[in-house]
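Quick note: the coordinates plus some simple rules give every number you see, no bench work behind them. Because the structure is predicted, anything quoted here is derived from the model rather than measured. Cβ atoms come from the backbone with ideal geometry, glycine included; neighbour counts cover every protein chain shown.
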Amino acid sequence: MFMIANAWKNVIRNKGRNLLVMVIVAIIAAAAAIGLSIRQAAQSARATGLANTTVTAQISLDRSKLMAAAQKQSANGTQPDFQALRQSLAGKELSLTDYQKYAKTSTAVKSTYYSQSAGLSATTGFQPVSTSSSSTSGSTSDSTTSGQSGSQGSSGSSQSSQGYGAGGPMGGRGMDSGDFKLTGFSSDAAVANAANGKFTMSSGKVFGYDKTANGQIIISKALAQFNNLKVGDTVTAANTTDSTKTYKLTIVGIYANTGSTSSAPGGMGNASNPDNAIYTSFSTLDSLGLSGNSTNGGSQLDFTYVVASKAAYETFAKDVKAAGLSSDYTVSSPDITQYEASLVPLDNLAKFALTLLLIVLGVGGAVLIALNVFNIRERKYEVGVLTAIGIRKAKVAAQFVFELLIVTMIGLAIGAAAGSIASVPVSNHLLAGQVAAQQSQQASQAAQFGRGMQGGGMQSGSQGQGAPAPAMGGGFAAGRASALGKTTSYISSINSTVSISVVGELVLIGLALTVVSSLAAVVVIMRYEPLQILADRS
Amino acid sequence: MTTNDINSTHTNDNTDNTPKQGGIETPDNPKAHSEPVLELKDVSYAYTKGGKHVLDHISHRFAAGKAYAITGPSGAGKTTMLSLISGLANPTQGQVLYQGQDLAKLDRYRFRSHDIGVIFQSFNLLPALSAAENIMLSMDASGKRFDAPKRQRALELLAQVHLPEEYANERVLHLSGGEQQRVAIARAFSYDPQILVADEPTGNLDLATQADIMDIFRSLAHDQGRCVIIVTHSPDVASDCDEVFALAPLRRASQRGTAQRGSAQRKSVQRQPTQRRHDTVSAVPRTGQQS
């Protein structure tokens, strides 16, 4: 016991040296606290970011794989066999029943919703909003919520559509045909995830989804104003391929897009203009005979599975594979992909923090060891005297370790306090740098490719994931438009706090530093016989 | 080899005495004749393995209740012998027995902290600690219980060795040699050890203090039955002790002869004129050494 008292006395006696050690430990602790809290923020962001929201998942055809296979087959020919390619792709498209079958195979699926689009042509009494006049500049919207994931997903279609363009004249298929885009939704959830983003009703109500509500549509405010229409009016639109075939539709509501009402690129056809989007129920679309695949320039079915969590998504992906989904299809979650993308700066920062932590620990540890060894060598005489008067070496070593422990713990407390105070501003500052770097990287990519904001769309996480890839009709426009509208909103601030676990880790670090650096001391003490030390002295 | 291993010991009665000698009247103290508390049994010591022997086949018994003086010229191995006695070193050959048990096999840390008080030649005090703290540290280390509070006891001890009380809280670093020596003596007394070993304990002291210290040593031996062993150059100190054990300078086996010994003696004489008489005294048994 008296050695502990002795240690305490020694700590007080050697203020200068101990202050130096304390400062070093405090610096290490502060850096460690910041590093650890950044890492923890990254981890908790990853863990909790998707915890309370549902995750959507989609099954999509791996087009590039199929095309690669098809092109390989026709490699000897000068021209790719477009017909065969088209057919192989068309045959691979999943039907509504297929999608629903997979929904049933996995218990992870909480609910599903789907939508499909078809083109309609103008009639004399019902004209589309002209693209040139209504163009608004594409704005970058940061309002990405999980609700927009559907459109995020379809933004991937722009990618696939371009694949078509490169592959041959198939691009024509991807173009919007017609003047209007009629989209049928299965439920409110589907409407909420409409490709053009959220909207509000300026008058009337949204259509119902059962058969009794067939023929009900809602149109955009711009379209209503352009045609001088109001709720209750009936409009007539024609089939895109057969103008004699007309459809009578009743306007039950007029909506205005909120958030990004990004315009379609010019010259892509009126249907790609969000103002010309007409929303109806899937049942209506079905009753009009427009829901079939590959007819009337309609888009492919956009089928979304809603699962409870990221873990459930993984279960779902496993389940559908087990249920016989061929490897031509991929299961993806725009939510998760996007969320992962939003974590990129934070992850980078966490990696940086880890590196920093390791460097600080390494250098700090080395400095501490060196300092400690010099200290003990300087106090060799003390060791000699203490052992000569019969105090065991282990006790002497314990005293030295205890001294260091006192100093380290005080330094640790100071450093942890400073670190936790500094960690929020410091990590947010670092994170801002990371986000800026990420954004400028994006910007330069966009500049390089000359596609402006489409780069943003790609960055937002759907790239290569395919999503539902509505390759036909309005799909391209929808994809394009949403690609224009969205960029990833990176997690740009963390409220990093030094939690219990961080404190625990810090204490462990402190103990480890003490043990490691005092190990040197113990070795020195154990090596010397008192007689040697005292003989050296005299 | 064994013929020459005994250095002479002789009581002070056989030598010419200082007046003080008459004061010691109880060499036949009952404890003195009991089992020796410490015994050197054919002890040799070399600092390096196979190196020169500093001590060569020394045997001697130290009984409780007696004060012993170990004398000898420089380099005779006095301090080395003290290291062996105090358990700081183990003999290369032979045994040091404490109460009949081999010290090499005992817990020498406990022995040092508990059973033996050593006053080192260089004092070996902790310079950063105050005089009182140094003494209290040894009391703590001994693990013994004391009647009075440790600090009070430390102050009493310091008073006994004539160190003014205001020095008690002074760092040892700031004390003079003589003052440090007194602190070292007080420290050795502090935990009331069975054996007290002192290496030149009075070298830095004035005569009055020296006499007081010697009184304390004698009183410890005769009144409290401790074994006191004093390494000294001083004939006065030696004559104050009950027995003088003279260590001869050790000659290397290859360099025997009177010339060699003569030069060694001359050296020590030059260094310390008062030593001459002792050398002559101890020269008697030395003639029989190293045949």
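Annotations
- Overall form of the stretch B:81-145 per C-alpha gyration tensor (a/c, 1.5; a/b vs b/c): oblate
- Links that overshoot a 27 Å alpha carbon limit, given the list A:K181/A:K245; A:K15/B:K144; A:K181/A:K321: A:K15/B:K144; A:K181/A:K321
- Assuming charge only on the beta carbon of Lys and Arg (+1) and of Asp and Glu (-1), the dipole of the stretch B:40-86 about its Cα centre is about 60 debye to the nearest 20.
- Formal net charge of residues neighbouring A:R392 (Cβ-Cβ distance under 12 Å; K, R +1; D, E -1): +4
- Taken over the stretch B:26-132, lysine pairs spaced eight or more positions apart, or on distinct chains, with alpha carbons under 29 Å apart number 16.
- With the simple spin-label model, which puts each label point 7 Å out from Cα in the Cβ direction, the B:K41 to A:D98 separation comes to 9.9 nm.
- Calculated FRET efficiency for the pair A:K110/A:A213, C-beta based, R₀ 25 Å, to 0.05: 0.50
- Of the peptides A:319-327, B:238-246, the ranking by mean beta-carbon count within 10 Å, highest at the top, reads B:238-246, A:319-327.
- Summing +1 for each Lys or Arg and -1 for each Asp or Glu among the other residues whose beta-carbon sits under 15 angstrom from that of B:L158 gives -1.
- Shape call, the stretch B:92-249: gyration tensor on alpha carbons, a/c limit 1.5: oblate
- Two-site FRET efficiency, B:R110 against A:F352, from Cβ-Cβ distance with R₀ of 60 Å, rounded to 0.05: 0.60
- Local charge for A:S420 was computed over the other residues whose Cβ lies under 15 Å away, with Lys and Arg +1 and Asp and Glu -1, and equals 0.
- Cα gyration tensor shape of the stretch A:1-51, rounded if a/c is under 1.5, else prolate or oblate by comparing a/b with b/c: oblate
- Taking 18 Å as the cut-off, the amide N atoms of the stretch B:131-152 that come nearer than this to a point 7 Å along the Cα-to-beta-carbon line of A:R13 belong to B:131-142, B:151.
- Test item: Cα-centred dipole of the stretch A:286-378, Lys/Arg +1 and Asp/Glu -1 on Cβ, debye: 420
- Model label points for B:K52 and A:S64, set 7 angstrom from Cα along the Cα-to-Cβ axis, are 8.6 nm apart.
- Distance between the stretch B:146-167 and the stretch A:499-524 - C-alpha centres, whole angstrom: 41
- For the segment B:123-130, counting C-beta atoms of other chains within 10 Å of every residue's C-beta and taking the mean gives 5.
- Ordering of A:12-21, A:99-108 by burial proxy (mean other Cβ atoms within 10 Å per residue, highest first): A:99-108, A:12-21
- Computed extension length for B:A128-B:D215: 28.3 nm, one decimal, from 0.36 nm per residue of separation with the Cα-Cα distance subtracted.
- Straight-distance candidates among the aspartates and glutamates for linking to A:K198, with alpha-carbon spacing under 20 Å and chain neighbours fewer than 8 residues away dropped: A:D142, A:D188, A:D275, A:D302, A:D335.
- Pairwise FRET efficiency - A:V523 versus A:S44, Cβ, R0 = 35 Å, nearest 0.05: 0.30
- Here the dipole of the stretch B:127-243 is about 540 debye; that uses its Cα centre as origin and unit charges on the Cβ of Lys and Arg (positive) and Asp and Glu (negative).
- Averaged over peptide B:155-168, the number of partner chain Cβ atoms lying within 10 Å of each residue's Cβ comes to 0.
- Cβ neighbours within 10 Å from other chains - mean over A:389-399: 5
- Packing here is the average count of other Cβ atoms within 10 Å per residue, and on that basis the peptides B:154-163, A:54-63, A:178-187, highest first, run A:178-187, A:54-63, B:154-163.
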